[in-house]
Amino acid sequence: MSIVVIVGAQWGDEGKGKIVDLYTQHVDVVVRFGGGANAGHTLVVDGNKIVLHLIPSGVLHPKTRCVLAQGTVVDPAVLLREMDEIAARGLLGPGRLSISDRAHIVLPHHPLIDGLREGEAGKNAIGTTKRGIGPAYEDKIARRGVRMGDLLDRARLTDKVERNRAQWQPVIVALGGKLPPLAETIDDYLAHGERLKPYITDTSRFVAEAIARKESILLEGAQGTMLDVDHGTYPFVTSSSTIAGGACAGAGIGPTVIDEVVGITKAYATRVGGGPFPTELHGDEGSRLREVGAEFGATTGRPRRCGWLDMPALRYAVRVNGIGSLALTKLDVLSGLGELRLCTAYELNGQTLSELPYDDFDKLVPVYETMPGWTEDITKCRSMNDLPVSARSYVARIEELAGCKIGLVSVGADRNETIMMHDPFKR
Ligand code: GDP
Ligand code: IMO
Ligand code: MG
């Protein structure tokens, strides 16, 4: 039995979906503890691809139970579409999915406000996914949110939605928008509630019971450390706690039950949306990473910004999450590059920094160390010894600079294109 938290160690899209799916072969319960349909987690099995936004990435393993815990924000229409897709694959059997009655819901005006604000912000736009995530979490913190459990009772739902809309009405008008009709919202959301009713439950109790039965549990993070609302490149972040600590609050478990935290990082760096990215490559090198790595957003299709691996940022992620081992993904994308670079420190106003400062991210000038590349196709490698010497040296140097062991190297999108040295669920 193991309880393991998986987190993104960069700006999201590190390949969490692939790694969660891979580890799930030894797992009883997979829990999404934060974020919403802003996430896009891609799984590839035998060449077949599926992208999940809300349902946990363990769902392809028929015996695993999946949980959307109370730290998530759920857009019921998106969830139902995803459930239909899973059902069509014959994977939505009884007891396979539980949704927290305490999870907050995304209302129709949330994506509307998200989009209007982004449109107005001009160069200060965050580049959100426009899925209404920010406004939904704002409502939760402002104590006027509507929760999954409210979908099951017309009077309660109407009262809460009406009061919520009254708060947003002037904001929407000021932004030049119009609230969607109330009656339609209530009817739609009650219909969603009717369909979701069999799945809505107290998921923290569900997880506690699984822990008591000594089952293995994987807590699946969304987004990444640098997008965390407390620890990321604020204000260019998402609105939730994406770090390992967020798993406790989001799933309703105590920190003492967690056995290990695994951080996922690409062998280079990407970011989608606005905000600082010290190692970003703007020219041909960036385009080359984007093309070979197929770096286009799984949720919005936007081209991802690409750059070299940022070791101070990765060290920071190791520290704030308590990462015990790293999974290094997309090493294959670097094949064929003559020379590789690792950012080992930054310069800021003539000073060398080995850690991220609290602000001024935009002014950081990366200090690079150069390493030789390799030309071989590495997608068939299944052990570290199969890798070319320079690839092994690159991995070893990352391990050294991060101050953390690398337990897995991913050399392709498919489940089996993996070199596994350490499985956190085998202990
Ligand atoms: P997530 O949000 O962290 O789950 O990551 P995404 O699914 O948004 O983006 C990762 C992308 O990289 C997906 O298209 C994956 O199929 C793909 N991927 C994951 N691991 C590898 C790898 O080792 N090599 C290659 N070439 N692609 C990978
Ligand atoms: P996964 O789970 C990459 C980014 C957005 C934007 C910022 C705020 O697939 O790794 P939001 O819509 O959350 O208010 O947008 O956060 N962002 C992500 N970037 N991967 C994600 O999820 C992301 N979820 C949000 O691009 O910059
Ligand atoms: Mg993604």
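Restricting attention to the range 127-151, which residues are touching a helix residue (DSSP H, G or I) at 6+ places or on another chain (Cβ under 7 Å) and assigned to a loop (DSSP other than H, G, I, E, B)?
THR128, LYS130, ARG131, GLY132, ARG144, GLY145, VAL146
If you go through the range 8-38, how many residues are within 13 Å of ligand 3 (Cβ to nearest atom) and under 17 Å from HIS231 (Cα atoms)?
5
When you scan the range 286-299, how many residues do you find that are modelled with pLDDT of 95 or more and either among the aliphatic types (A, V, I, L, M) or more than 9 Å from ligand 1 (Cβ to nearest atom) (or both)?
8
Within the range 296-308, is even one residue more than 16 Å from ligand 2 (Cβ to nearest atom), crowded, with 19+ Cβ neighbours inside 10 Å and within 21 Å of ALA402 (Cβ to Cβ)? Break it down stepwise before answering.
To start, the set of residues in the range 296-308 that are more than 16 Å from ligand 2 (Cβ to nearest atom) comprises 308.
Those still in the list that are crowded, with 19+ Cβ neighbours inside 10 Å too: 308.
Now drop any that are not within 21 Å of ALA402 (Cβ to Cβ), which leaves 308.
Yes - at least one qualifying residue is present in the range 296-308.
I'd like the full set of residues that are charged (D, E, K, R) and within 19 Å of SER325 (Cβ to Cβ), limited to the range 217-270.
Those that are charged (D, E, K, R) and within 19 Å of SER325 (Cβ to Cβ): GLU220, ASP259, GLU260, LYS266.
Given the options VAL7, VAL73, VAL20, VAL51, name the one that is surrounded by fewer than 24 Cβ atoms within 10 Å (Cβ to Cβ), under 19 Å from LEU219 (Cα atoms), within 13 Å of ligand 2 (Cβ to nearest atom) and of a type outside the set (Ser, Thr, Tyr). Explain how you work it out, then say what you get.
Values: VAL7 fails: surrounded by fewer than 24 Cβ atoms within 10 Å (Cβ to Cβ); VAL73 fails: surrounded by fewer than 24 Cβ atoms within 10 Å (Cβ to Cβ); VAL20 fails: surrounded by fewer than 24 Cβ atoms within 10 Å (Cβ to Cβ).
From the options VAL7, VAL73, VAL20, VAL51, the qualifying one is VAL51.
For the range 364-394: of the residues being touching a strand residue (DSSP E or B) at 6+ places or on another chain (Cβ under 9 Å) and among the acidic types (Asp, Glu), which is nearest to LEU289 (Cα to Cα)?
GLU369
Pairs, please: C-beta under 6 Å, at least 6 apart or cross-chain, first residue under 26 Å from ILE50 (Cα atoms) and in contact (Cβ under 8 Å) with a residue 40 or more places away in the chain and in the range 401-423, second within 16 Å of ligand 2 (Cβ to nearest atom) and of a type in the set (S, T, N, Q)?
So the pair list comes out as SER410/THR329; THR418/SER410.
Quick check on my filter: what residues within the range 273-301 are in contact with a strand residue (DSSP E or B) (Cβ under 7 Å, 6 or more places away or on another chain), of a type outside the set (Lys, Arg) and under 28 Å from LEU348 (Cβ atoms)?
PHE277, PRO278, THR279, GLU280, LEU281, GLY286, LEU289, GLU295
Can you name every residue in the range 398-414 that is farther than 18 Å from ASP259 by Cβ and crowded, with 17+ Cβ neighbours inside 10 Å?
Hits for the range 398-414 are ILE398, LEU401, ALA402, ILE406, VAL409, SER410, VAL411, GLY412, ALA413, ASP414.
Can you tell me which residue within the range 386-412, out of those that are assigned to a loop (DSSP other than H, G, I, E, B) and farther than 12 Å from LEU331 by Cβ, is nearest to ligand 2 (Cβ to nearest atom)?
Once the filter is applied, the top-ranked residue is CYS404.
Can you go through LEU387, LEU342, LEU326 and tell me which one is in contact (Cβ under 8 Å) with a residue 60 or more places away in the chain and crowded, with 19+ Cβ neighbours inside 10 Å?
Unique residue meeting the criteria: LEU326.
Can you pull out every residue in the range 300-345 that is within 16 Å of ligand 1 (Cβ to nearest atom) and part of a loop (DSSP other than H, G, I, E, B)?
If the condition is that a residue be within 16 Å of ligand 1 (Cβ to nearest atom) and part of a loop (DSSP other than H, G, I, E, B), then THR300, GLY301, ARG302, ARG304, ILE323, LYS330, SER335, GLY336, LEU337 are the ones that fit.
Please determine whether any residue of the range 138-158 is modelled with pLDDT of 95 or more, polar (S, T, N, Q) and crowded, with 18+ Cβ neighbours inside 10 Å.
No, that holds for no residue.
Determine the pairs where a residue that is in the same structural domain as PHE236 (by TED's automatic domain parsing) and among the basic types (Lys, Arg), located within the range 256-283, has a partner that is within 15 Å of ligand 2 (Cβ to nearest atom) and modelled with pLDDT of 95 or more with Cβ atoms under 6 Å apart, the partner being 6 or more residues away or on another chain.
Every condition considered, the pairs that remain are LYS266/GLU14; LYS266/THR329; LYS266/LYS330; ARG271/TRP11; ARG271/PHE277; ARG271/ARG305.
Is it the case that the range 133-142 has a residue that's over 18 Å from VAL237 (Cα atoms) and either in contact with a Pro (Cβ under 6 Å, 6 or more places away or on another chain) or not assigned by TED's automatic domain parsing to the domain that holds ARG32 (or both)?
yes
For the structure I just gave you, tell me whether HIS41 is in contact with a helix residue (DSSP H, G or I) (Cβ under 8 Å, 6 or more places away or on another chain) and within 16 Å of ligand 3 (Cβ to nearest atom).
yes
If I filter the range 322-349 down to residues being aliphatic (A, V, I, L, M) and under 20 Å from the mean Cα position of the chain (by Cα), which single residue comes out as nearest to ligand 2 (Cβ to nearest atom)?
ALA327
Going residue by residue through the range 349-362, is there one that turns out to be under 24 Å from SER287 (Cβ atoms) and out of contact with any Pro (no Cβ under 6 Å at 6 or more places or on another chain)?
No, because not a single residue in the range 349-362 is under 24 Å from SER287 (Cβ atoms) and out of contact with any Pro (no Cβ under 6 Å at 6 or more places or on another chain).
Output the residues belonging to the range 2-58 that are at positive phi and either more than 16 Å from the chain's Cα centre (by Cα) or assigned to a strand (DSSP E or B) (or both). Walk me through it before giving the result.
Of the residues in the range 2-58, the ones at positive phi are 12-13, 15, 35, 46-47.
GLY35, ASP46, GLY47 - these are the residues of the range 2-58 that are at positive phi and either more than 16 Å from the chain's Cα centre (by Cα) or assigned to a strand (DSSP E or B) (or both).
Mind checking which residues of the range 104-113 are surrounded by fewer than 23 Cβ atoms within 10 Å (Cβ to Cβ) and touching a Lys or Arg at 6+ places or on another chain (Cβ under 9 Å)?
PRO111, LEU112 - these are the residues of the range 104-113 that are surrounded by fewer than 23 Cβ atoms within 10 Å (Cβ to Cβ) and touching a Lys or Arg at 6+ places or on another chain (Cβ under 9 Å).
The values are calculated or read from the model by the stated rules, or taken from the named source; none is laboratory data. Just so we're clear, the structure is a prediction, and the values are computed from it rather than from any experiment. As a convention, Cβ positions derive from the backbone with ideal geometry for all residues, glycine included, and neighbour counts pool all protein chains shown.
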